[in-house]
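Engineer: Once you've had a glance at the structure underneath, I'll fire off some questions.
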Amino acid sequence: MVDSKKPDLLKLPRWNQLPSVDQYLEQVLQLIDKWLGDYLPHSGKQLITRTMVNNYVKQRYIDSPENKKYNRLTIARLFVITLLKPVYTIDEISRLIQRGIDFKDAEFSYNQFCDMVETAVKHAFEGTTMPKSREITDPNDMFWHVCNSFASQLYVRHEYLI
């Protein structure tokens, strides 16, 4: 892991920061590494590989590329998968993503997820607990639980295992 950025300062790209033009797989992998590589432990390995992405397509966890290019929704899904794969199985992540999209549109759900991940990580590294919101914008507190599980796991790995 590169220690140039503290995980409690994690800043994820919002929907409007993701490419609006479809991207080739290599570009997507570089984008994910650029945004997440300094924050997530990866022991010098790629956070997500070409093989992983191809398997996600084959297993229908993400859409197939069109003309070998991936759209914004698929890139957003890959960001969520990359963040959550140390905590959940790919099947669980896929179901969580779909549940978020079913609740609201993809842009809203993705942005809310990013907001809550950043808040949960900040709280985890400060030793506090992210307040639980009973807002209609969080489907059954799902984001709260998912983001806190990610943040707790990141904190333990960063403080005790790396």
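Engineer: Quick one: what are the phi-derived ³J(HN,Hα) couplings along region 23-32, Karplus 6.51/-1.76/1.60 with θ = phi - 60°, whole Hz, x for glycine and proline?
Structural biologist: The phi angles translate into 10, 6, 4, 4, 5, 5, 4, 5, 5, 4 Hz.
Engineer: Could you work out what % of the accessible surface of the chain is carbon and sulfur, using a 1.4 angstrom probe and leaving DNA, RNA and ligands out of the count? Don't jump to the answer; show the numbers that get you there.
Structural biologist: On the way: 4350 of 8900 Å².
Taking all protein chains in place, the chain shows 49 percent carbon and sulfur surface.
Engineer: I need the shape label for region 1-122. Rule: rounded when a/c is under 1.5, else prolate if a/b > b/c, else oblate, with a, b, c from the alpha carbon gyration tensor.
Structural biologist: On the way: a/c = 1.43, a/b = 1.16, b/c = 1.23.
Rounded is the answer for region 1-122, as its axis ratio a/c remains below 1.5.
Engineer: Within region 20-104, what is the number of lysine pairs with alpha carbons under 22 Å apart, leaving out pairs fewer than eight places apart on the same chain?
Structural biologist: On the way: K34/K45; K34/K68; K34/K69; K34/K85; K45/K85; K58/K68; K58/K69; K58/K85.
Lysine pair count for region 20-104: 8.
Engineer: Let me ask something else. For an R0 of 45 angstrom, estimate the FRET efficiency from the Cβ-Cβ distance between K69 and K132 and round to the nearest 0.05.
Structural biologist: The formula returns an efficiency of 0.70 here.
Engineer: Continuing with this model, one more query. Can you tell me the FRET efficiency between S20 and Q98 if r is taken as the Cβ-Cβ distance and R0 is 22 Å, rounded to the nearest 0.05? It would help to have the intermediate numbers written out before the result.
Structural biologist: Values: r = 23 Å, r/R0 = 1.05.
The formula returns an efficiency of 0.45 here.
Engineer: Moving to a separate point now. With a 1.4 Å probe and every protein chain left in place, work out the accessible area per residue of the chain in Å², rounded to a whole number. Walk me through the numbers on the way to the answer.
Structural biologist: Working: 8900 Å² over 162 residues.
Accessible area per residue, the chain: 55 Å².
The values are calculated or read from the model by the stated rules, or taken from the named source; none is laboratory data. None of these values were measured; they are calculated from a predicted model. Every residue, glycine among them, receives a Cβ derived from its backbone with ideal geometry; neighbour counts consider all protein chains shown. All accessible areas refer to the heavy atoms of the entire protein, side chains included, with ligands and DNA or RNA removed. Shrake-Rupley method; radii C 1.70, N 1.55, O 1.52, S 1.80 Å.
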